[in-house]
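Scroll down for the structure; my scribbles are underneath it.
Computed from the coordinates by the stated procedures, all read-outs in this text should not be read as laboratory data. None of the values given here were measured: they were computed from a predicted structure. A quick note on method: Cβ atoms are made from the backbone with ideal geometry, for glycine too, and the neighbour counts reach across all protein chains shown.
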Amino acid sequence: MSETPETPAKNVSDNFITRIIDADLASGKHRQIVTRFPPEPNGYLHIGHAKSICLNFGIAEDYKGRCHLRFDDTNPAKESVEYAESIKRDIQWLGFDWGEHLYHASDYFETLYNYAEELIQKGLAYVDDQSPEEIRANRGTLTEPGVNSPYRDRSVEENLDLFRRMRAGEFPDGSRVLRAKIDMASPNLNLRDPVIYRIKRQHHIRTGDKWVIYPMYDFTHGISDALEGITHSLCTLEFEDHRPLYDWFLDNITIDCHPQQIEFARLELQYTVTSKRKLNQLVEQGLVDGWDDPRMPTLSGMRRRGYPPEAIRELARVTHVTKNKTTIPLSVLEGCVRDEMNKTAPRVMGVLEPLKVVIENYPEGETEWLTAKNHPQDESFGTREIPFSREIYVERSDFMEDAPRKFFRLAPGREVRLRYAYYVTCTDVIKDEEGNVIELRCTYDPQTRGGNSPDGRKVKGTIHWVSAPHAVDAEVRLYDRLFRTKNPAASEDFTKDLNPESLKILRGCKLEPSVLEGDASTRYQFERMGYFVRDTQHETDVPVFNRIESLRDSWGKIEKAG
């Protein structure tokens with residue numbers, strides 16, 4: 001979207017926020033739009049964060065403005081360089097760039113401290129000696145006002161002295177805090193003299209041991225926005241009740257800029273948890289294979305699974321920006337992934353549960369190369385040559401010994417089409433001592449090369465296959481939803497809702513050789529089987545492929561049936 005309201009958005013669909021921005025530009029309130037994405041470096045980003053990333057960076061792109069990346073690094077006990085670097089990777093993977101505008105709340109620690117002293121000098125902040133438990137007990141409830149601290153009326157001089165001694169490290173952790181002096185009877189609990197500084201001896205990933213007091217988020221956030229010249233501070237709805245406090249701090253310090261905080265509903269998905277605490281629990285208890293486990297709703301997990309970033313951006317776009325709290329069916333995300341990969345994934349053939357087939361009338365030792373389309377709907381993908389030989393593999397599920405009438409795949413006496421190859425007819429079934437089918441014997445019609453019969457006869461079944469002498473041995477990981485229930489976060493113990501079928505590992509899979517000829521990051525459609533990508537992180541002696549998504553939404557059928 002350009003600065004003219006009539007130009008359609010590229011990244012962000014028209015919504016109540018873009019209409020506010022349009023009005024601000026039209027009135028001359030702002031000449032350039034500046035947004036920010038302010039994550040805490042205390043965990044990996046998840047799909048919920050993607051909505052905010054796409055909104056903030058997308059609006060900046062659409063309006064030819066800029067978006068800052070600012071780490072809210074005010075709680076050093078839970079922060080790490082690992083988390084900060086993962087956040088950068090995830091944003092760049094989604095296709096956004098902050099350029100030279102990378103900031104940290106810690107950049108402003110000295111400035112924030114000076115603003116805290118300004119509030120003290122104005123009689124708007126005081127040092128409180130109450131314990132955290134006493135402060136909590138005296139805060140009041142939604143129906144009862146809070147109780148003033150016995151230290152609320154300290155003089156400006158005493159408060160300045162105590163606050164400076166807090167900074168100097170004279171007092172133990174938790175013994176004193178600095179609080180804003182607002183209104184202990186306010187119906188908004190956030191305005192009942194909120195804590196703005198606490199004593200916390202903790203090594204900081206950027207400032208080391210320089211500070212022993214750290215500012216609170218509500219105090220830091222709005223001032224950081226103003227210092228950076230943010231025009232529109234876009235937050236999720238849980239910060240709506242914090243907006244009066246955001247404004248109070250900016251109204252009571254000497255600063256030229258006052259950004260507008262606007263809240264929107266966060267992205268919530270069914271069958272998913274997005275609490276960092278819960279996600280960390282899954283990692284710490286070994287219930288998943290780290291933060292980037294392909295079943296995790298983290299952006300790093302989705303990237304490793306093979307989700308294309310374009311699908312995540314499309315999800316953020318189609319779910320719209322509103323103030324209404326809604327939970328989106330996970331099938332919407334899965335549909336975005338399928339739609340994107342249907343357009344962009346080249347086709348190959350892979351047999352996941354192989355059954356050997358010997359074509360008895362095909363010449364022994366001969367290899368024939370057949371031409372196959374890389375994408376049946378897009379000729380620009382070109383073609384590839386695939387080998388065909390006397391021995392091939394087909395999918396075990398494509399054969400039934402006692403097949404019903406409407407089973408149109410291989411069965412004794414049945415003729416089917418091999419994709420891009422020939423018509424074959426099953427003539428014999430080989431079994432082991434336990435009666436398990438281990439091999440099929442077939443004959444082929446050499447006149448049907450390419451899958452068409454010159455005499456016009458029709459077959460109803462077409463199956464995929466792989467030449468046995470040329471097949472690539474592979475391990476395939478079939479990923480499914482991590483949870484069995486739509487709202488696992490509501491459970492008393494959400495780990496009991498984990499889906500035991502969320503990962504199935506298949507070994508001895510057979511793939512056509514072209515899968516190893518391209519880039520390892522290429523996402524393929526294994527015809528009739530789903531979308532897959534190579535996972536080099538899991539590889540040992542054979543390539544490993546993750547299933548990104550199946551071709552169809554099997555969960556939708558289950559839910560309708562239930």
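Quick notes on this structure:
- For region 347-470, the alpha carbon convex hull comes to 120 Å³ per residue, rounded to a whole number.
- Counting every alpha-carbon pair across region 474-523, the share separated by more than 17 Å comes to 56%.
- Computed per residue of the chain from DSSP H runs no shorter than four, each worth -39500 (n - 2.57), the mean residue ellipticity at 222 nm is -7500 deg cm²/dmol.
- Sparse-neighbourhood loop sites, GluC sites (Glu not before Pro) in region 307-383 - DSSP loop, at most 11 other Cβ within 10 angstrom: E364, E366
- Taking amide H as placed 1.01 Å from N in the peptide plane, the amide H of D445 sits under 5 Å from that of Y423, each at least 5 places away or on another chain.
- Taking other residues whose beta carbon is less than 12 angstrom from the beta carbon of F388, and scoring Lys, Arg as +1 and Asp, Glu as -1, yields -2.
- For region 347-470, the dipole from Cβ point charges (+1 on Lys and Arg, -1 on Asp and Glu) about the Cα centre works out to 660 debye, to the nearest 20.
- Remark: region 490-498, residue by residue, has Karplus-estimated 3J(HN,Hα) of 7, 6, 4, 10, 5, 5, 6, 8, 4 Hz, where x stands for each Gly or Pro and the curve is 6.51 cos²θ - 1.76 cosθ + 1.60 at θ = phi - 60°.
- Beta bridges per DSSP with both ends in the chain, % antiparallel, nearest 5: 65 percent
- A dipole drawn for the chain from +1 and -1 charges on Cβ atoms has a positive end, and of N252, N324, V533 the residue lying farthest that way is N324.
- Note on the chain: with charges restricted to the Cβ of Lys and Arg (+1) and Asp and Glu (-1), its dipole about the Cα centre is near 1120 debye.
- Of the trypsin sites (Lys or Arg not before Pro) found in region 85-124, the ones in coil according to DSSP and having at most 16 other Cβ atoms within 10 Å of their Cβ are K122.
- Placing dummy labels 7 Å off each Cα toward the beta-carbon, the span from V81 to Q32 is 3.2 nm.
- Karplus 3J(HN,Hα) series, Hz, for region 295-307 with 6.51 cos²θ - 1.76 cosθ + 1.60 (x for Gly, Pro): 8, 6, x, 6, 5, 5, x, 5, 5, 5, 5, x, 4
- Based on every Cα atom in region 16-268, Rg and the maximum pairwise Cα distance Dmax equal 18.8, 53 Å.
- Once both labels are positioned 7 Å from their Cα atoms along Cα-to-Cβ, the gap between D493 and D24 label points is 4.8 nm.
- Across K373/K510; K406/K431; K458/K510; K276/K486; K88/K510; K10/K325, pairs whose alpha-carbon gap is larger than 26 Å: K458/K510; K88/K510
- Taking amide hydrogens as placed 1.01 Å from N in the peptide plane, the amide H of T236 sits under 5 Å from those of F264, each at least 5 positions away in sequence or on another chain.
- Sites listed here are trypsin sites (Lys or Arg not before Pro) in region 160-213 whose DSSP assignment is loop and whose Cβ has at most 11 other Cβ atoms within 10 Å: K210.
- Debye equation applied to the C-alpha atoms of the chain, log10 I(q)/I(0) at 0.07, 0.08, 0.10 Å⁻¹: -0.56, -0.68, -0.92
- Along the axis of the charge dipole computed for the chain (Cβ charges of +1 for Lys and Arg, -1 for Asp and Glu, origin at the Cα centre), the listed residues Q202, F57, Y214 are led at the positive end by F57.
- Amide H contacts of L370 (H built 1.01 Å from N, under 5 Å, at least 5 apart or other chain): I386, F388
- Net charge dipole, region 338-407: roughly 280 debye, given to the nearest 20, about the Cα centre with Cβ charges of +1 for Lys and Arg and -1 for Asp and Glu.
- Listed residues L511, H101, T111: farthest to the positive end of the dipole of the chain (Cβ charges): L511
- Where labels lie 7 Å past Cα in the beta-carbon direction, separation of F381 and F407 in nm: 3.0 nm
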